[in-house]
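Student: Structure provided below as structure tokens; questions to follow.
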Amino acid sequence: MAAVAKDGAGGPTGELLIEVEPHNCFACGSLNEGGLHLDLHVDGERCWTELVLADRFQGWDGIAHGGIVCTVLDEVMAWSLATTDNWGLTARLSVDFKKPVRLGTRVRAEGWVTANRRRIIQTTSRIVDPATGELLATGEASYVAAGDERKRELQARYRFRLAPAAANEGRPA
């Protein structure tokens, strides 16, 4: 999984990729055969992904299961913590379903940090239809930030790293 960041510190365009080792996360892990395999991007202070949900993620006929919608929102909010050099665990998650998220239709999910108070980080997210801008779902979550020792352990396990985008051109996703 790679995430794109634009902060002026990368290659000629300032674009950076956040890379992690292969892992089994249902949302973003490349090793989870039944997972979502989200391609996550970080642009400024937002994390985003665009995806088309397959039929296996169905709730009612033709509609994404609500738990899958929650998972996508949680994932973009969790990855938005990286914009503040934090990693954390979801402590609370609240989702408002505005309109059905249709299977087989491209959607865009984005999340961002709204408050950072010591070890509690507040985030907000949304899923929209990128073709129409129609709001489909919104989410809010609180995360407990990992302490310094836990951050080091996560870094060792997942090897989070930044790489200039130019060095990754042609790299398989």
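The values are calculated or read from the model by the stated rules, or taken from the named source; none is laboratory data. This structure is a prediction, so every number in the text was calculated from the model and none was measured. Glycine gets a Cβ as well: all are built from the backbone with ideal geometry, and neighbour counts include every protein chain shown.
Student: Based on what the data block shows, is residue 110 within 15 Å of the chain's Cα centre (by Cα), surrounded by 17 or more Cβ atoms within 10 Å (Cβ to Cβ) and in a strand (DSSP E or B)? Break it down into steps so the answer makes sense when it comes.
Tutor: Numbers: within 15 Å of the chain's Cα centre (by Cα): yes; surrounded by 17 or more Cβ atoms within 10 Å (Cβ to Cβ): yes; in a strand (DSSP E or B): yes.
It is true that residue 110 is within 15 Å of the chain's Cα centre (by Cα), surrounded by 17 or more Cβ atoms within 10 Å (Cβ to Cβ) and in a strand (DSSP E or B).
Student: Do we find a residue being buried (at least 19 other Cβ atoms within 10 Å of the Cβ) and free of Cβ contacts under 8 Å to residues at least 40 places away in the same chain anywhere in segment 56-67?
Tutor: Of all residues in segment 56-67, those buried (at least 19 other Cβ atoms within 10 Å of the Cβ) come to 57, 64.
Those still in the list that are free of Cβ contacts under 8 Å to residues at least 40 places away in the same chain too: 64.
Yes, segment 56-67 contains a residue that is buried (at least 19 other Cβ atoms within 10 Å of the Cβ) and free of Cβ contacts under 8 Å to residues at least 40 places away in the same chain.
Student: Do we have any residue at all in segment 138-153 that's modelled with pLDDT of 55 or more, among the polar types (S, T, N, Q) and in contact with a Ser or Thr (Cβ under 9 Å, 6 or more places away or on another chain)? It would help to see each step written out before you state the result.
Tutor: In the first step, residues of segment 138-153 are kept if they are modelled with pLDDT of 55 or more; the result is 138-153.
This time we only want the ones that are among the polar types (S, T, N, Q), so: 138, 142.
Filter once more, so that each one left must be in contact with a Ser or Thr (Cβ under 9 Å, 6 or more places away or on another chain): 138, 142.
Yes - at least one qualifying residue is present in segment 138-153.
Student: Condition first: assigned to a loop (DSSP other than H, G, I, E, B), within 24 Å of residue 133 (Cβ to Cβ) and in contact with a helix residue (DSSP H, G or I) (Cβ under 8 Å, 6 or more places away or on another chain). Now tell me which residues in segment 28-58 satisfy that.
Tutor: Answer for segment 28-58, where residues must be assigned to a loop (DSSP other than H, G, I, E, B), within 24 Å of residue 133 (Cβ to Cβ) and in contact with a helix residue (DSSP H, G or I) (Cβ under 8 Å, 6 or more places away or on another chain): 36, 38, 40, 44, 45, 53.
Student: Which pairs turn up if I take residues in segment 93-119 that are more than 19 Å from residue 53 (Cβ to Cβ) and look for partners that are surrounded by 12 or more Cβ atoms within 10 Å (Cβ to Cβ) and basic (Lys, Arg) with beta carbon separation below 6 Å, at least 6 apart in sequence or on another chain?
Tutor: Close Cβ pairs satisfying both conditions: 112/46.
Student: Could you list, in sequence order, the residues of segment 27-82 that are aliphatic (A, V, I, L, M) and under 17 Å from residue 93 (Cβ atoms)? Lay out the reasoning, then the answer.
Tutor: Taking segment 27-82 as the starting set, the residues that turn out to be aliphatic (A, V, I, L, M) are 27, 31, 36, 38, 40, 42, 51-54, 63-64, 68-69, 72-73, 76-78, 81-82.
27, 36, 38, 64, 68, 69, 72, 73, 76, 77, 78, 81, listed by residue number.
Student: Quick one: residue 146 ticks every box in (1) out of contact with any Asp or Glu (no Cβ under 9 Å at 6 or more places or on another chain); (2) surrounded by 13 or more Cβ atoms within 10 Å (Cβ to Cβ) except a single one, so which number is it?
Tutor: Every listed condition holds for residue 146 apart from (1).
Student: Still on this structure, I have one more. Among the listed residues 164, 100, which satisfies the condition of being surrounded by 16 or more Cβ atoms within 10 Å (Cβ to Cβ), at pLDDT 95 or above and at negative phi?
Tutor: 100
Student: Another one. Residue 91 versus (1) surrounded by fewer than 17 Cβ atoms within 10 Å (Cβ to Cβ); (2) farther than 21 Å from residue 45 by Cβ: which is the lone unmet condition?
Tutor: (2)
Student: Quick test for you: out of 123, 71, 132, 90, pick the one residue that is at pLDDT 95 or above, polar (S, T, N, Q), at negative phi and over 18 Å from the mean Cα position of the chain (by Cα).
Tutor: On the way: 123 fails: over 18 Å from the mean Cα position of the chain (by Cα); 71 fails: over 18 Å from the mean Cα position of the chain (by Cα); 90 fails: over 18 Å from the mean Cα position of the chain (by Cα).
Only one candidate qualifies: 132.
Student: Can you tell me which residue in segment 39-55 is farthest from residue 20 (Cα to Cα), limited to those that are surrounded by 15 or more Cβ atoms within 10 Å (Cβ to Cβ) and hydrophobic (A, V, I, L, M, F, W, C)?
Tutor: 53
Student: Right, another one. Within segment 97-154, take every residue that is in contact with a strand residue (DSSP E or B) (Cβ under 9 Å, 6 or more places away or on another chain) and of a type in the set (Ser, Thr, Tyr) and give me the one that is farthest from residue 43 (Cα to Cα).
Tutor: Selected residue: 105.
Student: Now a separate question. Identify all residues within segment 24-38 that are of a type outside the set (S, T, N, Q) and either at pLDDT below 85 or surrounded by fewer than 15 Cβ atoms within 10 Å (Cβ to Cβ) (or both); write none if there are none. Write out each step before concluding.
Tutor: Initial filter on segment 24-38 (of a type outside the set (S, T, N, Q)): 25-29, 31, 33-38.
Scanning segment 24-38 gives 26, 31, 33, 34.
Student: Output the number of the condition that residue 118 fails; it satisfies all remaining conditions of (1) under 19 Å from the mean Cα position of the chain (by Cα); (2) more than 22 Å from residue 67 (Cα to Cα).
Tutor: Unmet for residue 118, out of (1) under 19 Å from the mean Cα position of the chain (by Cα); (2) more than 22 Å from residue 67 (Cα to Cα): (1).
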